[in-house]
Amino acid sequence: MNQTAAASLASASALTIARADYRDPADAAALVALLDAYARDPMGGGEPLRADVRQRLAPALAQVPGAFSFLAREEEEPVGLINCFTGFSTFAARPLVNVHDLVVLPGRRGKGLGRMLMAAAEREAMARGACKLTLEVLANNTKARALYAALGYNGYALGPDAGSALFWEKKLP
């Protein structure tokens, strides 16, 4: 969706995208509800957030240096969320921004909200002097992969001899 189409979508449906204030009760509630909806989705694991996580989430994010989120609201109803974290690229000696969560409620998908949330994150990353944005996406999440590819994201590899980067994890107690 081009910027003109995005602007007309925003004005036609009273869509707003604004930086979330983790200490604001309305923003905190919207963030938790949207992230819970994502967690319940098969691409988010298919399980609701635990009650203790729901209670701690916004206050914990407020304590994380470099964390930022944007909320999309349509007619004041929360419909989308992007959570990002600022890190550091040692090879570039500059900040980088990781897109950790991108949420668009099922009934609002396919209307450009994900693209607009990604654009908001990119603008903020540029304002922070970031050298790049990073994200993880599940191999079977074809719609998200198509969006990211259309926005210029691709797999990470230093060169053909090194191969592609893999995302690994080790869960801690």
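The values are calculated or read from the model by the stated rules, or taken from the named source; none is laboratory data. Every value quoted in this text rests on a predicted model; they were computed, and no experiment measured them. Quick reminder, even Gly has a Cβ in these numbers, built from the backbone with ideal geometry, and neighbours come from all protein chains shown.
Below is a table of values for the structure above.
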read-out: Residue identified as closer than 19 Å to Leu105 by Cα, among the hydroxyl-bearing types (Ser, Thr, Tyr) and modelled with pLDDT of 95 or more among Ser69, Ser13; value: Ser69
read-out: Restricting segment 123-148 to residues that are more than 15 Å from the chain's Cα centre (by Cα) and over 17 Å from Val104 (Cβ atoms), the residue that is surrounded by the fewest Cβ atoms within 10 Å (Cβ to Cβ); value: Ala139
read-out: Flag for Arg54 being under 26 Å from Asn141 (Cβ atoms) and touching a Pro at 6+ places or on another chain (Cβ under 9 Å); value: yes
read-out: Residue in segment 116-127 that is at pLDDT 95 or above, charged (D, E, K, R) and either in a strand (DSSP E or B) or under 20 Å from Ala30 (Cα atoms) (or both) present; value: no
read-out: Residue match in segment 96-113 (condition: within 12 Å of the chain's Cα centre (by Cα), in a helix (DSSP H, G or I) and modelled with pLDDT of 95 or more); value: yes
read-out: Filtered residues of segment 149-163 (kept if under 26 Å from the mean Cα position of the chain (by Cα) and either modelled with pLDDT of 95 or more or part of a loop (DSSP other than H, G, I, E, B) (or both)); value: Ala149, Ala150, Leu151, Gly152, Tyr153, Asn154, Gly155, Tyr156, Leu158
read-out: Enumeration of residues in segment 40-90 that are in a helix (DSSP H, G or I), surrounded by fewer than 18 Cβ atoms within 10 Å (Cβ to Cβ) and aliphatic (A, V, I, L, M); value: Met43, Ala51, Val53, Ala60, Ala62
